[in-house]
Amino acid sequence: MNRIKIIGLSVLIIAVTTAFSQTIELEIKSLLNNKLELKIPKEFKIMSEELMKFKYPSERRPTLVYSNESGGINVALNLTQSQANQQLISTYKDNFIKTFKIMYPSAEWKDSGIKTINGKEVGYLELVTPAIDTEIYNLIFFTDLDGKLLLCTFNCTKKSIEEWTPTAKEIMNSLKVK
């Protein structure tokens, strides 16, 4: 009888765990005129121009933004006009760290560094920054593309960090410059 209870309890635990853990399905997208590949959540759509102007009021808004339906979770790409090559990635990383520490002195730093992803040196910053009514998890990663700096960001609200951090890192680790 105890064995039946244990089996029943195990089945119940597995069912409840499965019901509450969503898998975020990613698909590889060919982006920026076929110059790079990046995994993007399958449910994400390209953000409308109107929402981009609202969310990124600066004229230096990203080149391309994918987001969930609410616009609260985003993957943004920006091919800047800044000159870049593999040797400058470390310099960019150091400068970004200094800039973010000045802009967000109360930010919670998770990690930063440089790693090789699909043969390219990629710098990254992982931090939680304050916003008006919440905190924002940011994974910013960057490399060079056609002699220019490519900036990619993943962000979500603090309440979604646990669910989305592994996916954000999988997105970063999928970066492939062609």
*Could you tell me how many degrees, from 0 to 90 and to the nearest 10, lie between the Cα long axis of helix 161-173 and the main elongation axis, the longest principal axis, of the Cα atoms of the chain?*
50 degrees
*Do any GluC sites (Glu not before Pro) in the range 25-95 lie in a DSSP loop with no more than 11 other beta carbon atoms within 10 Å, and if so, which?*
25, 59, 69
_Set of the range 137-173 residues, backbone N closer than 19 Å to the point 7 Å along the Cα-Cβ line of residue 86_ = 142-151, 173
*Separation in nanometres of the label points that stand 7 Å from Cα toward Cβ, at residue 112 and residue 30*: 3.6 nm
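Relative contact order for the chain: what percent, with Cα pairs under 8 Å and sequence separation of 6 or more?
Values: 291 pairs, mean separation 37.9, N = 178.
21 percent.
Find, to one decimal place in angstroms, the Kirkwood hydrodynamic radius of the chain, where the mean of 1/r is taken over every pair of different Cα atoms and then inverted.
Numbers: mean 1/r = 0.0562 Å⁻¹.
It works out to 17.8 Å.
None of the figures in this text is laboratory data; all of them are computed from the coordinates on show. Just so we're clear, the structure is a prediction, and the values are computed from it rather than from any experiment. We place every Cβ from the backbone using ideal geometry, glycine too, and count neighbours over all the protein chains shown.
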